[in-house]
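J.: Sharing a structure here in structure tokens format.
The values are calculated or read from the model by the stated rules, or taken from the named source; none is laboratory data. Since we're looking at a predicted model, the values are computed, not measured. Because the Cβ atoms are built from the backbone with ideal geometry, glycine has one as well, and the counts that use them run over all protein chains shown.
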Amino acid sequence: MSPSTVVLGLRANWRQFSLLVVVNAFVGAMVGLERTVTPLVAEQGFGVASKAAALSFLVSFGLVKALANLAAGRLADRVGRKPVLVAGWLAGLPVPFLLILAPNWSWVVFANILLGVNQGLSWSTTVIMKIDLVGPRRRGLAMGLNECAGYLAVSLVALLTGYLAATYGLRPFPFYPGVAFALAGLLLSAFFVRETRFHAQLEARANPGRPAASEPAGPRPSFAQVLLATSWNERTLFAASQAGLVNNLNDGMIWGLLPLHLAGAGLSLENIGLIAAAYPAVWGSAQLATGALSDLVGRKRMVVAGMWLQALAIALFVVGRGFGLWLGGAVLLGLGTAMVYPTLLAVISDVANPAWRASAVGVYRLWRDAGYAVGALTSGLLADAFSVPVAFGAVAGLTWLSGLVAARVMKETLPSGSPSTILPPHWVAGPK
């Protein structure tokens, strides 16, 4: 695609947008392989008794994915989006084979290092490419569609692997579908997805609220400045980054400890699979509404309410008893996460100039997905030192506190296209 043929907008780019939705569904399916089965494989398959050791696969996954997010954003700005997407799928291709053939737990940990690279590069890039295609007006809806596809796939595959594990055992059958997911994602990305960097360049030139990167407007922000601004200096971006980190911190705990908690309570593999699938199913499907809703009612209230609803849902796993209440907690947790996930990405996109937006998205996703490692490590240590309910209670309190930080610190970023009220003037123009 040449710069002269580029047009912004969801309707004008619906074919490529739809293809990227499908690609991201395969990205989510790769994670879904592990949502139900892997914690049980650690305990029952390899005899890993320590909760912290059992969650080591999540620590490796989270750390590598966080760093891959950071690299994806910077590389997408420098070399283009499509090469990064294809590289992510090349890293993910060996994952199902390693999980199927693993003779010991270290193979599973290594597989999750590669899965972290796959998720960081591929998911980040599909996010960036969809933002590029739709332009400034429908970002919330675009992020809702992207995250909906990814997490519905997580849910469906978590349900599928629970059924396969109950029918055929924990290994190798639950991981066989991953071979098809990885091949399909790689082939679609390599042969059918088109580069979208020209769309970001067009938006940078055309949006009067954000002058073109070629216009002289003072010194450009370096990558180090973007990193510091997104992480700390710019308070709205900081509020979004800390909320993203805590959101995935509690998701890491749910991923790693919930199957063990439910198995210890005597639930069957089928029921564990249903609860493990309900959470991302609600998370994924509700984002169709919550992403678009944030375009109408604003970002801040969605973020604050979503974090507090997550805290309430996690508390239900501590005080509730029985399949019905735990399923209700999973539904509420999915709804709270759906309110937050696409909205935080929209906040970053509202504030960042298109010329350095991919880098800002990468920094935000660095902090967000570092939450997997922090959550797995913290909750595993708390569960070993005290109990699983104590770990759940501590994370519920931290999630509530994160919502309070967002309520006090975050500025409303709608209407989009008005970053001059938040960023220094030369940052509004973007890097030269």
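J.: Which of the residues that make up segment 280-302 are in a helix (DSSP H, G or I) and either under 20 Å from Ala394 (Cα atoms) or touching an Asp or Glu at 6+ places or on another chain (Cβ under 6 Å) (or both)?
T.: Gln287, Lys300 - these are the residues of segment 280-302 that are in a helix (DSSP H, G or I) and either under 20 Å from Ala394 (Cα atoms) or touching an Asp or Glu at 6+ places or on another chain (Cβ under 6 Å) (or both).
J.: Another one. Across segment 18-55, what is the number of residues that are outside any loop (DSSP other than H, G, I, E, B), at pLDDT below 90 and surrounded by fewer than 22 Cβ atoms within 10 Å (Cβ to Cβ)?
T.: Of the residues in segment 18-55, 6 are outside any loop (DSSP other than H, G, I, E, B), at pLDDT below 90 and surrounded by fewer than 22 Cβ atoms within 10 Å (Cβ to Cβ).
J.: Among what's in segment 365-400 and is part of a helix (DSSP H, G or I) and free of Cβ contacts under 8 Å to residues at least 12 places away in the same chain, pick the residue that is surrounded by the fewest Cβ atoms within 10 Å (Cβ to Cβ).
T.: Ala385
J.: Would you be able to say whether some residue in segment 137-148 is at negative phi, part of a helix (DSSP H, G or I), modelled with pLDDT of 90 or more and buried (at least 23 other Cβ atoms within 10 Å of the Cβ)?
T.: No: zero hits.
J.: Cβ contacts < 9 Å: first residue of a type in the set (Asp, Glu), restricted to segment 55-82; second residue buried (at least 23 other Cβ atoms within 10 Å of the Cβ) and in a loop (DSSP other than H, G, I, E, B), any location; separation 6+ or different chain. Result?
T.: So the pair list comes out as Asp77/Ala355; Asp77/Trp356.
J.: A further question follows. Checking the structure you have, find out if any residue of segment 322-335 is over 20 Å from the mean Cα position of the chain (by Cα), farther than 23 Å from Thr36 by Cβ and not in a helix (DSSP H, G or I).
T.: no
J.: Pro177 - would you say it is more than 18 Å from the chain's Cα centre (by Cα), over 22 Å from Leu366 (Cβ atoms), without any contact (Cβ under 8 Å) to a residue 24 or more places away in the chain and surrounded by fewer than 22 Cβ atoms within 10 Å (Cβ to Cβ)?
T.: So Pro177 fails the test.
J.: Looking at the structure I just gave you, is Gly324 at pLDDT 90 or above, among the small types (Gly, Ala, Ser) and farther than 21 Å from Asn248 by Cα?
T.: Here the answer is yes, as Gly324 does meet what is asked.
J.: Tell me which residues, restricted to segment 56-91, are modelled with pLDDT of 90 or more, over 17 Å from the mean Cα position of the chain (by Cα) and closer than 29 Å to Ser379 by Cα.
T.: Ala91
J.: Run Ala358 past the list (1) in a helix (DSSP H, G or I); (2) out of contact with any Asp or Glu (no Cβ under 8 Å at 6 or more places or on another chain); (3) over 26 Å from Gly264 (Cα atoms); (4) not hydroxyl-bearing (Ser, Thr, Tyr) and report the number of the one that doesn't hold.
T.: In the conditions (1) in a helix (DSSP H, G or I); (2) out of contact with any Asp or Glu (no Cβ under 8 Å at 6 or more places or on another chain); (3) over 26 Å from Gly264 (Cα atoms); (4) not hydroxyl-bearing (Ser, Thr, Tyr), Ala358 misses (2) alone.
J.: If you don't mind, another one. Quick check, is Val109 surrounded by fewer than 22 Cβ atoms within 10 Å (Cβ to Cβ), touching a residue at least 24 places away in the same chain (Cβ under 8 Å) and closer than 30 Å to Ser268 by Cβ?
T.: yes
J.: Here's another thing I want to ask about it. Assess whether Leu257 counts as being of a type in the set (A, V, I, L, M, F, W, C), out of contact with any strand residue (DSSP E or B) (no Cβ under 7 Å at 6 or more places or on another chain), assigned to a helix (DSSP H, G or I) and over 22 Å from Pro39 (Cα atoms).
T.: Answer is no for this residue.
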